[in-house]
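Each remark here refers to the structure printed beneath this line.
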Amino acid sequence: MKFYCGIDLSARDCQVCVIDEQLKIMVQQKLRNELPKICQLLEPYFSLTEVASQSETFSKRVAKQRVNQMIERLAHAATTA
């Protein structure tokens, strides 16, 4: 099954939403901007097909770095599981 993730980053927290191929909301949650917590939330969805992020407060470079770090951690966890 394919999953799609959207992350809206702000200064202190983020909104995370994961949907499946049928557009069913699998996860919709507000979290602190703590990468381990975000990765833990997304862990059941290792097969994420696409991740999109949006950020008003952070520069685009910082937002992209955070999303890339999250994707790398999820990919590493999936290969070692």
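Along region 20-31 the Karplus relation, 6.51 cos²θ - 1.76 cosθ + 1.60 evaluated at θ = phi - 60°, assigns HN-Hα couplings of 9, 4, 8, 6, 6, 6, 8, 9, 8, 8, 9, 9 Hz to successive residues, with x for each Gly and Pro. For a straight C-alpha distance cut-off of 14 angstrom, the aspartates and glutamates reachable from Lys30 (same-chain residues fewer than eight places away being disregarded) are Asp8, Asp13. Under a 5 Å amide H cut-off, with hydrogens placed 1.01 Å from N, Val27 pairs with Val18 among residues at least 5 apart or on other chains.
Backbone amide hydrogens, once placed in the peptide plane, bring Asp13 within less than 5 Å of Asn33, excluding anything fewer than 5 places away on its chain. Select from region 1-52 those GluC sites (Glu not before Pro) which occupy a DSSP coil region and have at most 15 other Cβ atoms within 10 Å, ordered by residue number. In loop regions of region 1-52 (DSSP not H, G, I, E or B), the sparsely surrounded GluC sites (Glu not before Pro) are Glu21, Glu34.
Each reported figure results from applying straightforward, stated rules to the coordinates on display, with no laboratory input. Quantities reported herein were computed from a predicted structural model and do not represent experimental measurements. When we count neighbours, we look across all protein chains shown, and the Cβ atoms used for this are built from the backbone with ideal geometry, even at glycine.
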